[in-house]
Each structure stands twice: as structure tokens, then as C-alpha cells.
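Participant: Could you have a look at this structure, given as C-alpha cells, before my questions?
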Amino acid sequence: MENIKRLTLHPIYHHMYLKKYLFVAILLCTQAVIAQDKLIAAGPTGDLYINHTVKGKETLSVLSRIYGATPRQIAAYNNLNANSVLALGVKLRIPLSEDNLVQQQEFATSEPVYHIAGKGENLFRLSQRYYKVPLANLREWNDLKTDALKNGQAIVIGFIGGSKLAAMKADAPAANTQVFVKPPVIGAPVENPPLKDPNVMDAAIDGSREMKKGEMKPLTETDKFFAKAAADRAKKDADAAANIVPAPVPVDQFKEANKVAPTEYRISEEDLRYVPKPNDEGYFGLIYTMDESSKNKINKAGDIGTFKSVSGFSDRKFYALLNDVLPGTIVRITTTDNKTVCARVLGPVPEIKGAPALMMRISNATAAALGKGELPFSVTITYLQ
């Protein structure tokens, strides 16, 4: 009898164990699929990022509009050239900062960013790690009654501020393009959809286009040839009209008409002695102001870093390194919060292996005067020629 029981029960237990393990495997696979759809924060504190797999015809500009980081920041973070073409399926890291990881859902299409809790973590630690997000927000977003967290629990810690474009879906057209559909030949006439304004199209993404029979179509090589020929002909006619020799003018009359009044500078004795002032533009600010009315201004914008210098903290003599500008040139540096200083260019920016490409480097005293301690940061510079 015992032998009969064993022979009967053994297949039953075996079948039960198989069902149990199959259920666990299905549960794990389901969690993995769900995790793939979430934006998961990774990296150590201070160097946070999320992973992104390139889809469709995504560019650094498209990713910038989605995730709120500049194309230059994304390229530098992944050791890419800012003009790189992204291959399908390439995995990129998108840097997270206080600028793009926001503490409210700004758009209906904004997406939550999650943190996978580790053993012993709590909401206070997450608040400190993710730019001091309020604990009340964390409790509300995650419907929590306590600050303790379970190991492996997915916690919303903020939102990506940029709009999530439809182009990111594998089966959707590019988000910043408009699809134009021809009206059917048979049946009642259908009004054409509104056409995209060609003056506001992004040529880098949309390509060169023109209006043809109610549709926006790419320019053919023949169209480009004739367009260039017409532009060259118009330029030639304009140059010929500009080179028409006018009637001769008497020398005295010419000199009188083209006489340039001398520029008068009034500099006080106090300015000549220059006493450093906490909120002025520094030692070179007066020289820049003297030349500002008589020279052309050139503006540039970009990210900058610093270099160490002992000068500038007491005498406010600020210095900078800048490419394609003559040493000795004085530039006015303006931050995004409208703080300005004037610095003298010492030479070009040195190329440092492994460092991000920067428009300019300034002395640490210059950065301190601008109130900037976190690097790199964006500025606008103006210099005179």
C-alpha cells in the first residue's frame, strides 16, 4: 500500500513544483518588462544619469528636447563629437542635473524618473541624493505612509522636464515633422491639411524642402542647381551695381564729407588709479568701456571651465583663455543671471585629453567674481574688433 501511495503522489508533487517555479519565472519576466518602460536613475551621487537606446532617426538635438540636457552636454558625457550621427540601437547615458530633473510634472507628456531602493535606504537619503527634493513630494508621488523603503522598491524621485516627443516611439514619424496626405481622387474634395511654414522648419532634421502642388517635397538636385544659379546671378548683378564708378568729387569736398571727429575720452583721476570694487567689472572693465563705442562687437555663447591663477582675488585683474582671438584682447563675460566681468585673453584654450570641449577657460578668481563654483557653466562673451 505504501509503495502504491508513493508511486501515485510523486508525479503530483512534481507537477506542483513545476507550476510554482513557472509562476515565479513569469512574475520576474513581467517585472523586467515593466522596468524597461521606466526611466531609472543610475550613477553615484553628483554624477547621475539615465540610460537611453537610440531609436529611429534620433539626433543629439532631438534627445536634447526630450531630456532637457544640451546636445553638447550629452555628447561630452558620452565622449562623442557634438556633430556625431547616432546609430540605431546605440546606448547613451543622459546626464541628470537640477536643470532637467524637475520636482513637478511640467507637461502632460513629462515622464517620472525612478530610483530602485537598496537595502536600508529611506526617503531622507533619496531627498539628499536627488537635489533635496521635498519629502512631502516623495510621499505624495509614491503614495507612502512611512519613510522606510523596501529593497528593490521603485520610487519616483522627479520628472524629466522636456516634452516626450512622439518620434521616440518606434512606429511613429519624427515629432517635429508634419505628414501631408494627398486628397483622394474619387469622392468629395477634401481640404488639404495646413502646411508647415518653411521659414520655421529645422533644416537639419526636415531637410531642404519647397512647396510643390500643395505639398512640401524635398528639393531635387535639379531644383538645387537652378536655385544656386539664380542666387549667383542675383549676387553678380548686385556686385556690378555696387561697382559703378560715381562722378569724381573734389578732394577738399571729399575730405570734409568723410572727416571723422576725434573720440573724446573723459577719465577721472580716480579711474586712472583704479581702486578694486566688489561689484564692478574688474581692472580691465574701464579699457573695454573706452573702446566699446568705436569698435564692432562680436558675440559668442558656450560652456566654459577654469584654470588656477593667483591673480585677481585682490586686484580684480581677471584673465581668460580663448581660441581664435588675439592675446591681449579684452572680453566681457556675462552669466545667465546677468553678472558681468571683463578679462584679458592670455592665449588659446589648451587641448586636454579626456576633458569636454570648452569654448573658453577663465581664472578661478574670475569664476569667483561671477559667483560660479560648479563647472562647467554657460556664458555669453563679447569682444571688440
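Participant: So which of 235/295; 277/372; 38/119; 308/353; 38/91; 119/145 end up more than 25 Å apart by C-alpha?
Facilitator: 235/295
Participant: In square angstrom, rounded to the nearest 10, how much accessible surface does residue 374 have for a 1.4 Å probe?
Facilitator: 140
Participant: For labels at residue 230 and residue 98 in the simple 7 Å Cα→Cβ model, what's the distance in nm?
Facilitator: Distance between label points: 5.3 nm.
Participant: Output wanted: per-residue J couplings in Hz (rounded whole) for the stretch 357-364, from phi through Karplus 6.51 cos²θ - 1.76 cosθ + 1.60, θ = phi - 60°, x for Gly and Pro.
Facilitator: Working through the residues one at a time gives 6, 10, 5, 7, 10, 10, 5, 4 Hz.
Participant: Sticking with this one: Per 0.36 nm of contour for each residue apart, how much would the distance between residue 40 and residue 355 grow if the chain were fully extended, relative to their Cα-Cα spacing?
Facilitator: In short, 110.7 nm is gained.
Participant: From the protein chains alone at 1.4 Å, what is the descending order of accessible area for 330, 155, 244, largest first?
Facilitator: I get 244, 330, 155, largest accessible area first.
Participant: So how do 309, 61, 293 rank on accessible area, 1.4 Å probe, biggest first, that is with the largest at the start?
Facilitator: 293, 61, 309
Participant: Taking a cut-off of 14 Å, what percent of all Cα-Cα pairs in the stretch 62-118 are separated by more than that?
Facilitator: Of the Cα pairs, 61 percent sit more than 14 Å apart.
Participant: Determine the gain in length on full extension of the stretch residue 61-residue 295; use 0.36 nm per residue of separation and subtract their C-alpha separation, reporting nm with one decimal.
Facilitator: Taking 0.36 nm per residue and subtracting the Cα distance, the gain is 80.7 nm.
Participant: Per residue of the stretch 93-105, in order, report the coupling 6.51 cos²θ - 1.76 cosθ + 1.60 (Karplus, θ = phi - 60°) as ³J(HN,Hα) in whole Hz, putting x for Gly and Pro.
Facilitator: Values, residue by residue: 9, 9, x, 9, 9, 5, 6, 10, 9, 8, 9, 7, 8 Hz.
Participant: Continuing with the same structure: What FRET efficiency, computed as 1/(1 + (r/R0)^6) with R0 = 30 Å and r the Cβ-Cβ distance, is obtained for residue 239 and residue 84, rounded to the nearest 0.05?
Facilitator: With a Förster radius of 30 Å, E is 0.20.
Participant: Please compute the modelled spin-label separation between residue 287 and residue 105, points set 7 Å along Cα→Cβ, answer in nm with one decimal.
Facilitator: So the label points at residue 105 and residue 287 sit 5.6 nm apart.
Participant: HN-Hα J couplings of the stretch 110-120 from phi, Karplus 6.51/-1.76/1.60, θ = phi - 60°, integer Hz, Gly and Pro as x?
Facilitator: Once rounded to whole Hz, the list reads 4, 10, x, 10, 10, 10, 8, 5, x, 5, x.
Participant: How do 139, 332 stack up against each other in accessible area, from largest to smallest, with a 1.4 angstrom probe?
Facilitator: The ordering from most to least exposed comes out as 139, 332.
Participant: OK, next. Once ligands and nucleic acids are excluded and a 1.4 Å probe is used, how much of residue 140 is accessible, expressed in Å² to the nearest 10?
Facilitator: Residue 140 has an accessible surface of roughly 140 Å² with all protein chains in place.
Participant: I would also like to ask the following. Net charge around residue 86, counting only other residues with Cβ within less than 11 Å of its Cβ (Lys, Arg = +1; Asp, Glu = -1)?
Facilitator: +2
Participant: Amide H neighbours of residue 40 under 5 Å, at least 5 residues apart or on other chains, H built in the peptide plane: list them.
Facilitator: For residue 40, the qualifying residues are 51, 114.
Participant: For residue 154 and residue 116 in one chain, what is 0.36 nm times their gap in residues minus the Cα-Cα distance, to one decimal in nm?
Facilitator: 13.2 nm
Participant: Using a basic spin-label model with each label point 7 Å from the Cα along Cα→Cβ, how many nm lie between residue 254 and residue 139?
Facilitator: It is 8.5 nm.
The values are calculated or read from the model by the stated rules, or taken from the named source; none is laboratory data. Everything numeric here is computed off the predicted structure, so don't read it as measured data. FYI the Cβ positions are ideal-geometry reconstructions off the backbone, even for glycines, and counts take in every protein chain you see. SASA here: full protein model, heavy atoms, side chains in, ligands and nucleic acids out. Shrake-Rupley method; radii C 1.70, N 1.55, O 1.52, S 1.80 Å.
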